[in-house]
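Laboratory data are not the source of any read-out in this text; all were calculated from the coordinates shown. Bear in mind that the values here come from a model prediction, so they are computed numbers and not experimental data.
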Amino acid sequence: MTGCSKLNSAPSIRTMLAAAMLFAISGCTTPDDPSSQAKNTGNFPNLNIKPATAASQLTQDEADSAIASLKGAQAGQMATGRGAGATASEGELRRLGATHSEDALKAICAPRPSC
């Protein structure tokens, strides 16, 4: 008998939780709240007004300085072997691509012989 009462109370708890969630969500905005609705000003928006910028643009000197700094970092990486040319040869990559799936399946199936 206790099993049946547990089954019958579970849907009512779910229903109460769902109702509580809907009630909590519905309290965020109301239809009477003027900030939740579009405002009709009677005019069309003027799309010809230039938008304000978030920050000033870089000057040519600042751009040249940033480019020189990046090129210096690139040259430093290439000199130490980290950067362009540090990837494996094409043949090595093809061999890895051909054998990777087999190696991965062996590692996965090792504990389970029925794999």
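Taking 0.36 nm per intervening residue step and subtracting the Cα-Cα distance, what contour gain separates R94 from A63 on full extension?
Working: separation 31, 0.36 × 31 = 11.16 nm, distance 4.06 nm.
Gain on stretching R94 to A63: 7.1 nm.
Please turn the phi angles of the range 51-58 into ³J(HN,Hα) values with the Karplus equation 6.51 cos²θ - 1.76 cosθ + 1.60 (θ = phi - 60°), one per residue in order, whole Hz, x for glycine and proline.
For the range 51-58, the Karplus curve yields x, 6, 7, 7, 8, 6, 6, 5 Hz.
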